[in-house]
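What follows is a set of notes on a single structure, which appears directly below.
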Amino acid sequence: MMDTQAKQIVFEQLQQLLHDRIIDNETIRNEHGVGFSYHACTPPDYVVYPSSTEEISEIVKICATHQISIIPFGAGTSVEGHILALKGGVCIDLRLMNQMLEINQADMYATIQPGVTRNQLDEALQGSGFFFPIGPGVNATLGGMASTRASGTNAVRYGTMKENVLSLEVVLANGQIIRTGSKAKKSSAGYDLTHLFVGAEGTLGVITELTIKLHSYPQAIYAAVCSFPTVEAAVNTAIQTIQKGIPMAKIELLDAQMMTAINCYSALSYAEVPTLFLEFHGSQTELEEQITQVEAIAHSFDANEFIWEKDEAARIKLWRARTDAAPASVALRKDGQLMSTDVCVPISRLAKCITETQKDIQETDIYAPILGHVGDGNFHLTIVIDPNDPEEFEKAKALNKRLVKRALAMEGTCTGEHGIGIGKLSYMTLEHGKAIHTMWAIKQALDPLNLMNPGKLLPSLD
Ligand SMILES: Cc1cc2nc3c(=O)[nH]c(=O)nc-3n(C[C@H](O)[C@H](O)[C@H](O)COP(=O)(O)OP(=O)(O)OC[C@H]3O[C@@H](n4cnc5c(N)ncnc54)[C@H](O)[C@@H]3O)c2cc1C
C-alpha cells in the first residue's frame, strides 16, 4: 500500500499531468476494484484516464519513481479477479483511448487504440466486407481481450486473440514505449514479443495500440440448433465434426440446465435437453456440403431434427440467446452471484471430461450449467452461488478445483480463455512446473520492481 506522503505526491504529479482526469472518489474506485469476478472488491487508490501513449508513459514513470502499482483497465469484464488492486496503486482506465486509427482493406488489418470495444469495432467494420471474429459474450475492449488472450464462439474457425494480433505498441514498466511485430502476415525476425504481451494480463506493460487481422465477411452464413438425448451424444457429434475437418464457424454446447435458463431469460421454447448451437460460413455450395456431413454425424448420435435459421434476423436472435447464457443462469437464482470458470482439453478427451464433470456437479449439488466452445475442447461452468452462504462458496471452489485437476490430468489447461488473474493462480505451477521460473525471469527482466498488476498471473515462488 502507498504511504500517505507518497500518495499525496503521486496525486499532485498525476493531477498536474492529467488535470481532472484523475479520480479518487470511492464509488469510482470501487467500480474499478472487482470486475465480473467473485472476489472481494479491492479498489485502487486512484483511477486515471489518459488520452495518449505519451501520457501513459509519463504516468508509468511517476509510478515507477514512487514504486506505486499500476493496474491497466479495459472494460473490467474479466472474471478471475484480474483487475483487483491487491497493493492499491493507480488504475489506468483506457476508455478515452478508443480511436480506430486505420482500417486497411488491401492488407486486411485494422490499427486501433486499446479502449476500442468489441461492439465499436463491429460498427466501424459494418459494410466494409470485413469483420473481426473474436469476441467474448460481453462488450470487452480489444486491449483487455489481447491481454487475456480471449476467444469466444468463433475461435474454432478463426483462432483466438493469439492468432489475430499482428503487432502492438506497449509502454513498459519504466515508461519506455516500444513497438512489437509488423504488419506483415508472418515474420521470422527475433523473439515473438507481440505474443509475450498477448495474454500477459497487464503484468508486463500497458498495450497502447494494436494491429489486428481482419477477415472477409462470409458469402453465406447459416445457423442451426440441434438437440440430443445426452451430453455425451452432443459432445461426440462435435468431436467427430472437428476430427473430420469440417470448418465449423461455431459449435457450442448448452446442457439441459442452460437450455432452461435461456428459455426463461429470452422467452424461447427450445427443448430443455443437451443442445448444440452451430454456425456455418462459406459459399452456398460449401455450406450445403458441410451441412449434409454434420447432419449425418449428428443423426448417428440420435440427434433430433435441426432447427435452421438462414435469415439474418432469426440468426441474430438465436445467437443473442446463446450470448445471454451467463446472465440467464444468474437470473434463475435470486441474488445469485456468477462464479464463471473454464478449462480446455484435447478434443478427444472432451466427452469424458464433460460427463465426469456433470456427475461431479450432480453429486456436489451446486447450480452450475455447462456451456462449451466444444469445437476447441473448451467449456465453462457458469456456477451461480449465494454470496451469503460460505458453505456453498467452499463447495463451489472445491468443484472448480476438481474440474481443473481433471482437465490437467487429461493434458489440458486450467483455463482456455478466461485467464489466470488471482482465481487460477494456485494451478499455475501444477500446469507449468519449472517453466514458472522462466516466466518469473521474464517478469523480473521487464518489471524488476513488480509494479505492473502485481499478484496476478504468476504464483509467488516461496
Ligand atoms: C458474461 C461474460 C461472458 C464472457 N465470455 C467470454 C468468452 O466467451 N470468451 C472469453 O475469452 N472471455 C469471456 N469473458 C471474459 C472477459 O470478457 C474477457 O476476459 C475480456 O477479454 C476482458 O476484457 P476487458 O476489456 O473487460 O478487460 P479487463 O477486465 O478490464 O482487464 C483484463 C486484464 O487485462 C489487463 N488489461 C486490460 N487492458 C489492458 C491494456 N491495454 N494493456 C495491458 N493490460 C490490459 C487488465 O489489467 C486485466 O489483467 C466473459 C465475461 C463475462 C462477464
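Structural descriptor for the stretch 122-255: relative contact order 28 percent, calculated from alpha carbon pairs under 8 angstrom and at least 6 residues apart. Centre-to-centre, using Cα atoms only, the stretch 155-217 and the stretch 86-141 are separated by 13 Å. Over the stretch 86-159, Cα pairs under 8 Å with separation of 6+ residues give a relative contact order of 24 percent.
Pairs over the 23 Å Cα-Cα cut-off, from the set LYS183/LYS434; LYS401/LYS434; LYS213/LYS456; LYS162/LYS456; LYS334/LYS401: LYS183/LYS434; LYS213/LYS456; LYS334/LYS401.
Give me the percent of Cα-Cα pairs in the stretch 404-445 that sit more than 18 Å apart, rounded to a whole number. If you can, show how the numbers build up before the last one.
Details: 251 of 861 pairs.
Result: 29 percent of Cα pairs exceed 18 Å.
Across the stretch 70-197 the C-alpha pair distances fall into 5 Å bins from zero in the proportions 2, 10, 18, 24, 23, 13, 7, 3, 1, 0 percent. Taking only the Cα atoms of the chain, the radius of gyration and Dmax are 22.3, 71 Å.
Taking a straight line from the alpha carbon of LYS310, these aspartates and glutamates sit under 13 Å away, with near neighbours fewer than eight places off in the same chain left out: GLU279, GLU288.
Accessible area per residue for the chain, computed on protein heavy atoms with a 1.4 Å probe, is 42 Å². Using only Cα atoms, tell me the angle between helix 312-323 and the longest principal axis of the chain; keep it within 0 to 90° and round to the nearest 10. That works out to roughly 70 degrees.
Each helix, a run of at least 4 DSSP H residues, gives -39500 (n - 2.57); summed and divided by the residues of the chain, these come to -11000 deg cm²/dmol at 222 nm.
When the alpha carbon coordinates of the stretch 108-147 are projected onto the principal axes, the ranges are 26, 21, 13 Å, largest first. The angle between the Cα long axis of helix 231-243 and the longest principal axis of the Cα atoms of the chain comes to about 80 degrees, rounded to the nearest 10.
Could you work out what % of the accessible surface of the chain is carbon and sulfur, using a 1.4 angstrom probe and leaving DNA, RNA and ligands out of the count?
Numbers: 9750 of 19550 Å².
After summing per-atom areas, the C and S share lands at 50 percent.
Taking all Cα pairs closer than 8 Å and separated by 6 or more residues, the relative contact order of the chain comes to 15 percent. Here TYR217 and LYS334 are evaluated by their C-beta separation; at R0 = 41 Å the FRET efficiency comes out at 0.45. Semi-axis lengths, largest first, of the ellipsoid equivalent to the stretch 299-453 are 31, 21, 18 Å, with √(5λ) applied to each eigenvalue of the Cα gyration tensor. Restricting attention to the chain, close to 85% of DSSP beta bridges with both partner residues there are antiparallel.
The values are calculated or read from the model by the stated rules, or taken from the named source; none is laboratory data. Bear in mind that the values here come from a model prediction, so they are computed numbers and not experimental data. Because the Cβ atoms are built from the backbone with ideal geometry, glycine has one as well, and the counts that use them run over all protein chains shown. Heavy atoms of the whole protein, side chains included, go into the accessibility calculation; ligands, DNA and RNA do not. Shrake-Rupley method; radii C 1.70, N 1.55, O 1.52, S 1.80 Å.
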